[in-house]
Amino acid sequence: MFSNKYFMLCGAGGAVACGSTHTLLTPLDLVKCRLQVDPGKYKSIFKGFGISLSEGGIANLVKGWAPTLIGYTLQGSAKFAGYEYFKYKYATMVDEESAYLYRTYLYLAAAASAELVADIFLAPFEAVKVRMQTTPGYTSQMRKAMPHMMSTEGFGVFYKGLTPLWGRQVPYTMMKFASFEKTLEFLYENVVPKPREQCTKVEQLIVTFAAGYIAGVLCAIVSHPSDTIVSKLNKDPSSSIGGIISEVGMIGIWRGLVARIIMIGTLTGLQWFIYDAFKVYTQMPRPPPAEMPESLKKKLAGNVAESDSADAESGFEEADPGEAGNNVIKMVSRFVDKVCTEGGVTAEHVRCLHQMIPGVVHMHLETLDGVARESRRLPPVQKPRIAWPTLVHGEASAGGALRAVLLADGRSAALPQLLPAEGALFLTNYRLLFKGVPVDPYACEATVVRSFPLSALTREKGVRAAPAHLEHAPHDALQLRAATFQLIKVALDEEVSSEQAESFRKAVSRLRHPPHPLLHFALAPRAAPPSDLAQPKHHTLKGFAKKTLLKTARRAGLKPKPSKRQKYVLPADARETKKVKTKDRRQ
């Protein structure tokens with residue numbers, strides 16, 4: 001699932017989602033920026049729209065659409081692809097149970113890592129956009145604005161707002177992804193009346209939009225102070241972060257919050273809706289909300305009725321979230337100290353942030369703990385039922401099917417990569433047959449089928465195999481080679497016991513050498529070979545022809561020509577020579 005192609009498609013979906021939504025909301029973003037940088041002129045959202053329309057018409061409301069489109073397309077691609085990549089990488093760095101129990105922190109870390117990279121692509125275009133939208137009389141064309149800023153202020157002007165941009169976007173993205181994941185789990189568990197797998201694609205997209213909108217409201221509140229600072233800095237590059245905070249005050253820094261909530265809520269909901277719809281359209285894997293591992297379910301099976309304390313019978317003690325919470329508080333506090341120190345934020349504001357951090361962290365810990373307790377009641381995931389393929393006429397099953405994985409044999413590197421494929425290995429009275437689907441869903445949508453007659457089997461042996469990127473651990477790998485230059489290399493699933501594997505190998509050996517040559521082929525029952533008790537009427541073709549011709553001649557009234565056998569008599573010379581030799585032998 002987590003291949004390079006998957007991450008590339010995630011990036012493409014993020015580019016479409018972010019680029020289109022940010023460009024669509026350009027008028028609202030323009031009014032929001034003007035509310036932040038010039039509150040004396042633009043006193044509210046509606047007055048901001050009215051003044052902007054009266055000054056330049058519709059064209060004035062879409063000013064800055066080009067840098068918005070390009071910048072957020074690049075940023076969205078890096079952000080969504082990076083989030084999926086870092087989430088996968090961080091999850092593989094710890095065991096499966098820890099990845100599930102502390103998945104909220106995993107979401108936060110993956111989102112922060114992805115946003116730090118994505119903002120490097122966004123910063124230049126964000127600087128150009130704000131300059132075009134908030135500076136009166138400035139050019140409305142990006143191809144003119146960017147070279148003018150470069151020539152007059154140097155290349156550094158494009159990244160002057162990178163640090164406050166990180167201060168705005170990193171908390172925003174951490175809240176965006178983590179709250180979306182948690183809200184989605186909450187909606188499916190408490191609001192949606194049926195499980196996710198029973199919902200239609202349209203219903204799932206509606207739930208995705210609702211979770212995205214709720215996450216967007218939280219994102220707007222978290223990132224709004226930094227957004228105000230970024231807008232002020234991009235309008236007046238000579239100002240500093242501390243000077244801006246002192247100028248506008250704590251109330252002024254929250255100006256434009258309503259417009260930003262409307263904008264970011266709608267924008268985030270649309271982004272998640274488009275991203276999920278893109279996955280549906282391209283038939284990408286859409287993993288459900290995080291599920292508890294089987295190993296953890298077994299450990300918690302005897303602890304459902306009790307509270308968070310240890311289970312004395314099983315000996316399993318649940319992890320104390322206090323230590324993890326303290327570690328997260330320390331990590332976030334250090335990050336806030338570093339960003340605020342470099343940005344020149346006052347000690348009072350930093351102290352306020354430190355007071356807010358423990359409450360937010362403990363809120364997520366309590367939510368995580370509650371979800372973990374409820375998830376213990378979830379039933380185990382059932383594997384799909386094995387269905388026998390269509391057999392030829394006269395072919396019959398010679399044993400049960402074994403769930404297996406078809407492995408690559410190393411001889412088809414130039415062909416499309418269809419292997420490994422998950423399916424089942426079937427044995428009939430005529431052939432060996434494997435049928436399954438590729439593990440990589442992007443390789444091919446067709447069914448993978450491999451088979452050859454049992455009579456062509458030349459060698460069967462056990463091999464060692466460790467296929468990667470599988471959800472289970474196969475064992476008892478078999479390599480079956482045929483005289484028809486075919487090779488089937490399979491690894492049996494973990495649910496197949498060693499006894500079943502050995503019984504299968506014995507059945508293959510028995511059917512390779514049937515009691516009659518006709519059983520090498522798939523025949524109808526009426527064409528089965530005769531039993532040993534039935535004696536043939538004519539043993540040879542000569543005898544059959546002789547009796548048939550004689551019978552035909554008698555019916556026609558012809559008599560067969562009599563033939564007399566004459567005794568062979570040796571010539572006189574030979575008789576004399578024989579007598580002499582007999583006489584000499586007696587003497």
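A few notes on this one:
- Residues located in segment 395-445, provided they are modelled with pLDDT of 80 or more and among the β-branched types (V, I, T): V405, T428, V437
- Residue in segment 254-265 that is within 23 Å of P39 (Cβ to Cβ), in contact with a Cys (Cβ under 7 Å, 6 or more places away or on another chain) and aliphatic (A, V, I, L, M) present: yes
- In segment 118-162, the residues that are surrounded by 19 or more Cβ atoms within 10 Å (Cβ to Cβ) and within 12 Å of W65 (Cα to Cα): F125, E126, V128, K129, V130, M132, Q133, M142
- Within the option set T346, T341, being at pLDDT below 75 and either polar (S, T, N, Q) or surrounded by fewer than 12 Cβ atoms within 10 Å (Cβ to Cβ) (or both) holds for one residue only, T341.
- When E203 is tested against (1) buried (at least 18 other Cβ atoms within 10 Å of the Cβ); (2) over 19 Å from Y105 (Cα atoms); (3) acidic (D, E), just one condition goes unmet, and that condition is (1).
- Within the span defined as segment 35-54, every residue fails to be of a type outside the set (A, V, I, L, M) and under 21 Å from G269 (Cβ atoms).
- Cβ-Cβ contacts under 7 Å between residues 6 or more apart (or on different chains), taken from a first residue in segment 62-76 that is more than 26 Å from L9 (Cβ to Cβ) to a second residue that is outside any helix (DSSP H, G or I) and polar (S, T, N, Q), are listed as K63/S140.
- Restricting segment 189-200 to residues that are surrounded by 14 or more Cβ atoms within 10 Å (Cβ to Cβ) and more than 21 Å from the chain's Cα centre (by Cα), the residue that is farthest from A17 (Cα to Cα): E189
- Residues of segment 344-395 that turn out to be under 25 Å from E495 (Cβ atoms) and of a type outside the set (S, T, Y), as a count: 15
Every residue, every condition in (1) outside the structural domain of S52 (by the TED database); (2) in a helix (DSSP H, G or I), yes or no:
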residue: R131; (1), (2): no, yes
residue: T139; (1), (2): no, no
residue: R143; (1), (2): no, yes
residue: M150; (1), (2): no, yes
residue: L165; (1), (2): yes, yes
residue: Q169; (1), (2): yes, yes
residue: Y172; (1), (2): yes, yes
residue: K176; (1), (2): yes, yes
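- Of the helices (runs of 4 or more DSSP H) that lie entirely inside segment 25-114, those containing 2 or more residues that are buried (at least 20 other Cβ atoms within 10 Å of the Cβ) and not hydrophobic (A, V, I, L, M, F, W, C) span 26-37, 45-61, 65-92.
- Residues being touching a residue at least 12 places away in the same chain (Cβ under 8 Å) and in a helix (DSSP H, G or I) - total across segment 340-357: 8
The values are calculated or read from the model by the stated rules, or taken from the named source; none is laboratory data. Remember, it's a predicted structure, so these values are computed and weren't measured experimentally. Glycine gets a Cβ as well: all are built from the backbone with ideal geometry, and neighbour counts include every protein chain shown.
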